[in-house]
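As structure tokens, the structure follows; a few thoughts come after it.
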Amino acid sequence: MKKKYQNLFFLFGVVMLAVMLTQLDYRQVWSGLKSAGYWFFAVIALWAVLYALNTLTWYIIIKSGSRERTKINFFWLYKITVSGFALNYTTPCGLMGGEPYRIMSLSPKIGTERASSSVILYAMTHIFTHFLFWMLSILIYILTEPLNVLAGVILLSAGAFCCLGVWFFIVGYRKGMAVRLMNLLKHVPGAKKWARGFVDRHKEQLDTIDRQIAALHSQNRKSFVSAVLIELLCRFCSAFEIMFILFVLTADVSFSQCVLILAFTSLFANLLFFIPLQLGGREGGFIMSTAGLALSASAGIFVALIVRVRELVWTAIGLLLINLEKSGKRTG
């Protein structure tokens with residue numbers, strides 16, 4: 001990627017991060033960090049592992065996208081992955097920042113079309129496993145928690161939503177997603193004109209990207225299943241973050257409870273995808289989910305605070321890694 005584009009991504013991320021830092025109550029943050037103690041460093045280390053799993057998923061997708069030998073350094077890809085998520089955290093609508101950065105970083109190495117298809121396919125897999133995680137969490141709730149009419153209605157509605165999401169992505173895997181996403185943008189106010197022009201100019205490239213996406217699903221089933229399972233494992237492992245934080249307050253917490261807290265909070269927060277770092281939505285989700293599992297509201301506030309600080313730390317790390325990236329030469 002050209003240095004000027006790296007600088008633009010870096011400056012945009014820094015500005016957005018600075019805005020988010022102004023939203024913090026620093027006395028509350030300091031009090032929370034003192035209470036968390038070494039568990040906060042465990043949370044930071046946990047996410048180093050989770051990002052490695054995310055990178056492994058993307059690495060598998062890239063390697064499976066072509067029979068040509070592709071030389072991609074895993075640790076370089078790890079840096080791009082962390083920086084991409086940092087830009088997603090700071091960008092309204094989530095995928096509007098990190099995905100272009102990943103495509104532009106990877107294009108010199110494998111070409112724009114393959115880079116685009118691998119990034120879109122990774123994003124699809126990342127979101128697809130969220131729906132699978134929510135569906136499995138509904139089953140966990142039914143097996144571990146008492147049910148009532150209200151809970152039943154909520155679970156039924158959430159289950160229907162997840163089934164619709166799974167169906168949408170399965171169709172996308174079979175037929176590709178690039179053209180469909182651009183067609184959706186044609187109906188978004190403010191993006192209609194740009195989307196129509198983009199589709200007209202790049203119809204052939206978009207069709208090629210969709211063929212590559214469909215090829216991984218149909219011809220490389222082992223790679224596809226591996227990518228989905230690794231991302232799904234990552235969803236469940238991220239529940240350890242909530243467990244580590246709650247251990248500061250009480251030892252009487254189970255892993256299944258942490259999974260349910262994460263599932264409800266992530267579902268609630270993703271409904272507010274247009275807010276940078278999901279400010280407010282994440283906190284509300286934690287408070288409601290902990291209350292729903294008979295934990296105190298203060299526990300939800302404490303978890304939300306530590307998670308927010310962790311996100312800011314890793315966002316800062318990701319933005320710093322942008323300037324450490326070196327331009328690569330195209331090898332495929």
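Laboratory data are not the source of any read-out in this text; all were calculated from the coordinates shown. Worth saying up front: this structure is predicted, and the values here are computed from it rather than measured. Quick reminder, even Gly has a Cβ in these numbers, built from the backbone with ideal geometry, and neighbours come from all protein chains shown.
Figures for the structure shown
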| item | result |
| --- | --- |
| Sorted peptide list for 243-252, 74-83, 54-63, 158-167, criterion being average Cβ within 10 angstrom, highest first | 54-63, 74-83, 243-252, 158-167 |
| Nitroxide proxy distance, nm - points 7 Å out along Cα→Cβ at PHE74 and VAL171 | 3.8 nm |
| Inter-site label distance for ALA251 and ASP25 at 7 Å from Cα along Cβ, in nm | 3.1 nm |
| Efficiency of FRET between ASN323 and ALA42 - r from beta-carbon atoms, R0 30 angstrom, step 0.05 | 0.60 |
| Pairwise FRET efficiency - LEU164 versus LYS193, Cβ, R0 = 35 Å, nearest 0.05 | 0.75 |
